[in-house]
Amino acid sequence: MCGIVGAVAQRNIVPVLLEGLKRLEYRGYDSCGIAVHAEGQLQRARSTQRVAELEKQLQAAHLQGFTGIAHTRWATHGAPATHNAHPHFSGLGKGNARIALVHNGIIENHDELRTELQAKGYVFESQTDTEVIAHLIDYLYAGDLFVAVQQAIQRLRGAYAIAVLCQQEPHRLIGARHGSPLVIGLGVNETFLASDALALAGTTDQIMYLEDGDVADLQLGKVWLADRYGQSVERPVHTVHVHTGAADLGPYRHYMQKEIFEQPRAVGDTLQDINSINAELFGDQAYQVFKTIDRVLILACGTSYYAGLTAKYWIESLARIPVNVEIASEYRYRDSVPDPRTLVVTISQSGETADTLAALKHARSLGMEHTLTICNVATSAMVRECKLAYITRAGVEIGVASTKAFTTQLTALFLLTLALAQVKEQLSAEQEADYLKSLRHLPTAIAAVLALEPQVIDWADRFASKENALFLGRGMHFPIAMEGALKLKEISYIHAEGYPAGELKHGPLALVTEAMPVVTIAPRDELLEKLKSNMEEVHARGGELYVFADADTRISSSEKIHVIRMPEHYGKLSPILHTVTLQLLAYHVACARGTDVDKPRNLAKSVTVE
């Protein structure tokens, strides 16, 4: 992984490829590269720097071509180094390179294929699994690149999206996918290929989504497809208008800061001027599905998993339906007990998260066919795989650490909670009116929390020298504590852990010293007095507390208790407001430590491999 762009045209496509890579930079990457047909040969440039540096290389080399492929790589097999960067070449022992290839995904049987190809005389220049595919296609090539790719993918185990060029077929580009996304873009007498429609924004809005097993033959102005069985197939063409304005930072230092401050707009858009709660918000079949189910299974990864944990508190409390929340990457590898009367809910910002897609398919294979996704991309694989969907309106999120995607997920999950409660006759008309009023006020409430930024900046300076932190919450704020800890470690590289405050005395209290800041979420709820006792446990042992407290909690500042007062208590929606303060804290601590906020080391935005 992480990003693929390709093109066949009658113009120099290097600028198109570079622009596509720039649009995919937000996903995170370690290296980048481009290969084109130029002067009868395959030529390439690769860099372990940013796409801007690659662009300088290309300009210096005056590299141009009508057919080409490009890639941003997030390292899986082999260190981030130029020799491991894509595109990979094959045929080096036969004079000029014959095959050029880029790849997203992981090939599980690469060791077996590497040994086989080495025995046939192929010399490997990288430690990647990708180079195996290039050599395999070269070995199978007998004059038709499409056929060679079809034959090669029959030997591959794992996930892949590939784009392939052949030196002997200068106006042809072959793409194939299994388990990793790939789209085709249609222009006038030119065709394009990418891992994400965003890469083609401004070039074409006519997009075709490949299905698993598809192989695509792109030539000048035409595309031919074969499915996994080798049969000719057509896929529908969609007009996709991708918003590209997110690239403008405006007055902000980083995209993450911009996206934190976009949350009032994002949450408001996600609510879509909803005037009443009804199941049909989630699809035409939603009422019947909600009436049928008596359990909920939530599948998600990372930040989305914490959204699911928060939703568990909401759904069980308001809709009275038992909920199980599973880490998607673990779920399909254990023996679980399926129940066909379960609503399977997946949560994903991109809708292409490989672990969550695989977990969804596993749940369906067990007979659980009632599926719903909360997703930010209407055209994603997750939406196509699920019967029901709710599309959040966060817009493109550039920063790797999720902010507005998370709060819009929580907003959508609260709407789901209310819809389930209504169908199960657990929501009165008065309650519906009260919750709708609170939801409509939510963007304004978030804006009031954002006004606390100057106070958070003061805290950030204290945190900058720390290497460890604890985050405490109780009840439905415990998942928010875990999310706050994740944000801090993602972008500031401070080791942080989120705990239920009641668990302090069962182990974590041993870590508390004056060098271990303890961030505490203190809403005015039924667990407040219990939480105050937990805070006393920290204070009595010399720990330093940083408390985000609702206005009327009667928690006062002292030498080792620092308090920022929230503008208001927000009941069931309180987790959303407390999330925003923790985002601001993580962001400003990272700024104080001088880290790469938008592109933290070793992380990618869209995780499309296991």
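Whenever a residue of region 593-610 is at positive phi and at pLDDT below 60, it has no partner that is surrounded by 23 or more Cβ atoms within 10 Å (Cβ to Cβ) and in a loop (DSSP other than H, G, I, E, B) lying with C-beta atoms less than 9 angstrom away and at least six residues away or across chains. Being in the same structural domain as V589 (by TED's automatic domain parsing), in contact with a strand residue (DSSP E or B) (Cβ under 9 Å, 6 or more places away or on another chain) and closer than 14 Å to Q583 by Cβ holds for only one residue in L488, L504, and it is L488.
Within the span defined as region 325-334, one or more residues are surrounded by fewer than 24 Cβ atoms within 10 Å (Cβ to Cβ), part of a helix (DSSP H, G or I) and in contact (Cβ under 8 Å) with a residue 12 or more places away in the chain. Scanning region 226-240 for residues that are within 10 Å of D214 (Cα to Cα) and not charged (D, E, K, R) gives A226, Y229, G230, Q231, S232, V233. Examine region 454-464 for a residue that is surrounded by fewer than 22 Cβ atoms within 10 Å (Cβ to Cβ) and in contact with a Cys (Cβ under 8 Å, 6 or more places away or on another chain), and state whether such a residue exists. Within region 454-464, one or more residues are surrounded by fewer than 22 Cβ atoms within 10 Å (Cβ to Cβ) and in contact with a Cys (Cβ under 8 Å, 6 or more places away or on another chain).
Can A142 be described as small (G, A, S) and in contact (Cβ under 8 Å) with a residue 60 or more places away in the chain? Against the criterion (small (G, A, S) and in contact (Cβ under 8 Å) with a residue 60 or more places away in the chain), A142 does not qualify. Looking across T356, T407, T346, T379, one residue alone is out of contact with any Cys (no Cβ under 7 Å at 6 or more places or on another chain) and either in the same structural domain as L24 (by TED's automatic domain parsing) or surrounded by 24 or more Cβ atoms within 10 Å (Cβ to Cβ) (or both). It is T407. Every condition in (1) surrounded by 18 or more Cβ atoms within 10 Å (Cβ to Cβ); (2) free of Cβ contacts under 8 Å to residues at least 40 places away in the same chain holds for V233 except the one numbered (1).
Restricting attention to region 517-574, the residues that are in a loop (DSSP other than H, G, I, E, B), crowded, with 18+ Cβ neighbours inside 10 Å, touching a residue at least 60 places away in the same chain (Cβ under 8 Å) and touching a helix residue (DSSP H, G or I) at 6+ places or on another chain (Cβ under 6 Å) add up to 1. For first residues located in region 295-313 and more than 12 Å from D355 (Cα to Cα), partners that are among the small types (G, A, S) and modelled with pLDDT of 95 or more and lie 6+ apart or on another chain with Cβ distances below 7 Å form the pairs L297/A363; I298/G308; I298/A311; A307/A300; G308/A300. Condition check: within 19 Å of the chain's Cα centre (by Cα) and at pLDDT 95 or above. Does A286 satisfy that? Taking the combined requirement at face value, the residue does not satisfy it.
Taken together, the residues in region 295-308 that are within 29 Å of V449 (Cα to Cα) and surrounded by fewer than 19 Cβ atoms within 10 Å (Cβ to Cβ) amount to 0. Where strands (runs of 3 or more DSSP E) fall entirely within region 1-98, those with at least 2 residues that are surrounded by fewer than 21 Cβ atoms within 10 Å (Cβ to Cβ) are at 41-47. Closer than 26 Å to Y141 by Cα, among the β-branched types (V, I, T) and not in a strand (DSSP E or B): is that true of T115 in this structure? The answer is yes for T115. Taking region 433-446 as the search range and keeping residues that are of a type outside the set (S, T, Y) and buried (at least 16 other Cβ atoms within 10 Å of the Cβ), which one is farthest from the chain's Cα centre (by Cα)? The extreme case among them is L436. Summed over region 146-182, residues that are free of Cβ contacts under 8 Å to residues at least 40 places away in the same chain, more than 11 Å from N104 (Cα to Cα) and not in a loop (DSSP other than H, G, I, E, B) total 5. For region 363-371, the criterion of a residue being under 25 Å from I480 (Cα atoms), touching a helix residue (DSSP H, G or I) at 6+ places or on another chain (Cβ under 8 Å) and either at pLDDT below 95 or assigned to a helix (DSSP H, G or I) (or both) is satisfied by no position. Within region 278-294, being of a type in the set (D, E, K, R) and either surrounded by 21 or more Cβ atoms within 10 Å (Cβ to Cβ) or free of Cβ contacts under 8 Å to residues at least 60 places away in the same chain (or both) holds for E280, D284, D294. If you go through region 385-430 and pick out every residue that is over 22 Å from L585 (Cα atoms) and either more than 14 Å from the chain's Cα centre (by Cα) or aliphatic (A, V, I, L, M) (or both), you end up with 28. Selection of region 454-486 for residues being touching an Asp or Glu at 6+ places or on another chain (Cβ under 9 Å) and over 25 Å from L309 (Cβ atoms) yields only R462. The set of residues in region 250-302 being within 30 Å of A592 (Cβ to Cβ) and touching a Pro at 6+ places or on another chain (Cβ under 9 Å) consists of K258, Q263, P264, R265, A266, V267.
The values are calculated or read from the model by the stated rules, or taken from the named source; none is laboratory data. What you see is a predicted model, and the numbers here were worked out from it, not measured in a lab. Here the Cβ is made from the backbone with ideal geometry for all residues, glycine too, and neighbour counts use every protein chain on show.
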